[in-house]
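The structure under discussion appears below in the form of structure tokens.
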């Protein structure tokens, strides 16, 4: 019974925090499997099914039966003449990724780790990089370098006019 009271003592806050993290991790990892023991599709497989038209909802989005009234209304005068208002799913997906990325930029690290774990991708750098293709790794490295340059001011000249 002493083990169960450990979480109440301030000296053991680290114990209880690690315990709860492990419980959550095990719960989230357990959700990746169906009741019959067969593993669910990976994010990439679900994304491919979405792009092939096999899934109606984009992976990673949770609409939970949102009302149609929540969507933007279709308005014919918003479109340019001769331009279809319908875009390919791949283009819609990329736009959604960009929008969500900008929206999620301010998320804290714990929330990002929780979301990655929920998608079946761990939060370890090696595991994340292992999921990327060579082209994606190069694009990531280029983006990281550009962010580093932008935030550090390395692109600004030290010889400014006065």
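Just so you know, all these numbers are worked out from the coordinates, no wet-lab data involved. Note that the structure is predicted; figures quoted are calculated from it, not measured. Positions of Cβ are generated from backbone atoms using ideal geometry, with glycine treated the same way; all protein chains shown enter the neighbour counts.
Between residue 138 and residue 54, the FRET efficiency estimated from the beta carbon spacing at R0 = 45 angstrom works out to 0.90.
Contour minus end-to-end for residue 156 and residue 95, with contour as 0.36 nm per residue of separation and end-to-end as the Cα-Cα distance?
18.9 nm
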